[in-house]
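Written out below as structure tokens is the structure these notes cover.
Coordinate-derived values only; no laboratory data. These numbers were taken from a predicted model, which means no experiment stands behind them. Because the Cβ atoms are built from the backbone with ideal geometry, glycine has one as well, and the counts that use them run over all protein chains shown.
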Amino acid sequence: MIKTGAMHLDSLRDGRAVYIGGEKVADPVDHPAFRNAVRSYAALYDFQAANPELMTFTTETGAQVNKQWSLPTSYADLVDRREALEAWAGEHYGFLGRSPDHVASCLSGMVMGLKVFEDYDPARAKALKDYFAYARDNDLFLTYVIINPQADRSKTANEQADPFLTAGVVDEDTTGITVRGAKMLATSGIMANEVFVTCIQPLREGDENYAISFAIPMNAPGLKILSRKSYEAAAPSKFDNPLAHQFDENDAVLYFDDVKVPWDRVFIHKSVEMVAKQFHATPAHSYQNYQCQIRLMVKMRFLAGLARGIAETNGTLAFPQVREMLGQVSAEAEMVDALVRSMEVKGRMENGYFVPDRHTLYSAQVLTQQLYGKVLNTLRDLAGGGVIMLPSDVSDFAHPEIAAIIDKTQQSPVRSSRDRVKFFKLVWDAIGSEFGSRHAQYEMFYAGATFVTKGHAFRTYDWAGAQGLVDRCLNSYALGDEVAALKTAAE
């Protein structure tokens, strides 16, 4: 049976410990801080059930699941997988940054590099392989926490004042490990089934207790989910906040209060070297960030649509300077699209699987980290005061006298006054609201700080090929030849 939205909602009513506003939430599925976003995720599963050929495939065990779990063995397979992920992103306009296909892509990449785990520890490799099959066949929604609490960034995890500020092993026995401490940021954790826990930041000698990798259900005993402020709760009207109202994916700190993790869910145990290898010696990092660029590709199309809509609404589309700005935005949106397709075309086989080109991927990350804020500023330039000069909220339209003034003052050559208000409230939610500001921050840092992404680009570029061109040019002439020619001419 293909997973549906109703099935996903039922799976979240599992007694997980969610905290917000100083209280423990009895049922996050129906809580006003989360209920709409939860249902936006459920709608993704309804979409896949309604479009099985586009969105699903049948595993060797007979399960029909989302293509996020597929392991491409050719260019055509990779494109087929991308088309499914692209369609899913279209359902949320790119605003669900941690949709189910993100961590599924990460785990898929790890399984493609299973030999790296087998060389490290066959037992841990088997745990990963078996868990992947379980998560895949049940079409689980996974989030992850791979960052340590910021605290004192000049010190490693084991040097912090509290040795269990960062989640680490506090005990172990024949049945598994016990974990204590915090990890961040569990984006979409409240809406997910399980969480993959590890560390993508560099660890050093002495950090072995924190060099772990495992997966547990979100309702595991002792796991506490501390939600940030809910933008959804502050956006009760879809008209006033059309994006925040339904796509506030939430972020949370996870605190592991002596959580027991059985060995069959532990993939790395106290290995600083292997924690780094799981991402970069396998296709995991490539696949998870390739998914991010697919999502961003869709989001850029949406922002480009907003940009043109602003110009049309304000009657400025014929202005040369406005067309120049729109041309720039269209080129930037198409650049992301082209980079995604280039990753695929330049991809290659690795251990039997087809992997997107790494350097093109990291180039896209470097450029889009700079690009997103720039595009938001372009939309601000185009909109001017239009996104500020708006009615306070939808209730203004219920007051006849106020509504009449709104109808008179909110004019546009192409939209009714009410459609103009509706459109600019959407623009503001995307670029200026608290929800929109969170997305600006998210797009800047989800892949790491800029020096991290630029480091990946530096590491994966074909410097030998570039230097080879320079050397060939240098070797095509010599100072001695020039001097000899001058002497001959002088004689």
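Please say if region 142-209 is rounded, prolate or oblate, where rounded means a/c under 1.5 for a ≥ b ≥ c the square roots of the C-alpha gyration tensor eigenvalues, and otherwise the choice is prolate for a/b larger than b/c and oblate otherwise?
Values: a/c = 2.11, a/b = 1.20, b/c = 1.75.
Oblate shape, in that a/c is at least 1.5 and b/c is the bigger or equal ratio.
At 7 Å along the Cα-to-beta-carbon direction for both S476 and D14, put a label point, then send me their distance in nm to one decimal.
Between S476 and D14, the label points sit 6.3 nm apart.
When 1/r is averaged over all different Cα pairs and the result inverted, which Kirkwood radius in Å belongs to region 436-491? Each step should come with its number before you reach the end.
Values: mean 1/r = 0.0634 Å⁻¹.
Answer for region 436-491: a Kirkwood hydrodynamic radius of 15.8 Å.
So if each residue of separation counts as 0.36 nm, and I subtract the Cα-Cα distance between N219 and E324, what length gain in nm does that give? Present the calculation step by step, with values, prior to reporting the outcome.
Values: separation 105, 0.36 × 105 = 37.80 nm, distance 5.21 nm.
The N219-E324 span can extend by a further 32.6 nm.
Go through 211-222, 349-360 and give me the packing order, highest mean Cβ count within 10 Å leading.
Values: 211-222: 20.7, 349-360: 18.2.
In descending order of packing, they fall as 211-222, 349-360.
Counting alpha carbon pairs within less than 8 Å and at least 6 residues apart, what relative contact order, in whole percent, applies to region 1-111?
On the way: 99 pairs, mean separation 25.6, N = 111.
After rounding, I find 23 percent.
Shape call for region 195-338 from the C-alpha gyration tensor, a ≥ b ≥ c root eigenvalues: rounded (a/c under 1.5), prolate (a/b greater than b/c) or oblate? Please report the intermediate quantities before stating the final value.
Working: a/c = 3.92, a/b = 1.86, b/c = 2.10.
Taking the square roots of the gyration eigenvalues as a ≥ b ≥ c, region 195-338 is oblate.
Antiparallel versus total DSSP beta bridges in region 86-214: what percent is that, nearest 5? Don't jump to the answer; show the numbers that get you there.
Details: 7 of 12 bridges.
Beta bridges within region 86-214, antiparallel portion: roughly 60 percent.
Let me check against my output: what whole-number percent is the relative contact order of the chain, with C-alpha pairs under 8 Å and at least 6 apart?
Details: 806 pairs, mean separation 78.2, N = 491.
Once normalised by length, the contact order is 16 percent.
Kindly provide log₁₀ I(q)/I(0) values, in the same order as q = 0.09, 0.16 Å⁻¹, from the Debye equation applied to equal alpha-carbon scatterers of region 284-460.
Per q value, in the given order, log10 I(q)/I(0) is -0.41, -0.95.
Equivalent ellipsoid semi-axes for region 275-370, as square roots of 5 times the alpha carbon gyration tensor eigenvalues: give them largest first, rounded to whole Å.
Values: eigenvalues 247, 26, 19 Å².
Equivalent ellipsoid semi-axes, largest first: 35, 11, 10 Å.
Take the Cα radius of gyration of region 53-134 and divide it by 2.2 N^0.38 Å, with N its residue count; two decimals is plenty.
Working: Rg = 14.0 Å, N = 82, 2.2 N^0.38 = 11.7 Å.
Against the empirical 2.2 N^0.38 Å value, I get 1.19 for region 53-134.
Let me know the number of lysine pairs in region 284-460 closer than 29 Å at the Cα, not counting same-chain pairs under 8 apart.
Value for region 284-460: 12.
Working out 0.36 nm times the residue gap between A133 and L114, then minus their Cα-Cα distance, what length gain in nm do you get to one decimal?
Numbers: separation 19, 0.36 × 19 = 6.84 nm, distance 1.29 nm.
Going from the current span to full extension adds 5.5 nm.
What full-extension length gain, to one decimal in nm, is calculated for D30 and L469 as 0.36 nm per residue of separation minus the Cα-Cα distance? Mind dumping the intermediate values first?
On the way: separation 439, 0.36 × 439 = 158.04 nm, distance 6.16 nm.
Here the segment from D30 to L469 would lengthen by 151.9 nm.
Of the listed peptides 106-117, 66-77, what is their order by residue-averaged count of other C-beta atoms within 10 Å, with the highest listed first?
Values: 106-117: 22.2, 66-77: 18.8.
Ranked by mean Cβ neighbours within 10 Å, highest first: 106-117, 66-77.
How would the chain be classified by its alpha-carbon gyration tensor: rounded, prolate or oblate, with rounded meaning a/c under 1.5 and the a/b versus b/c comparison settling the rest?
The shape class here is oblate.
Using R₀ = 45 Å, calculate the FRET efficiency as 1/(1 + (r/R₀)^6) where r is the Cβ-Cβ separation of Y75 and D162; round to 0.05. It would help to have the intermediate numbers written out before the result.
On the way: r = 49 Å, r/R0 = 1.09.
Efficiency, from the Cβ-Cβ distance: 0.35.
In region 89-205, with Lys and Arg counted as +1 and Asp and Glu as -1 at Cβ, which of these residues, A135, A125, Y93, has the Cα nearest the positive end of the dipole, that is, farthest along it?
Y93
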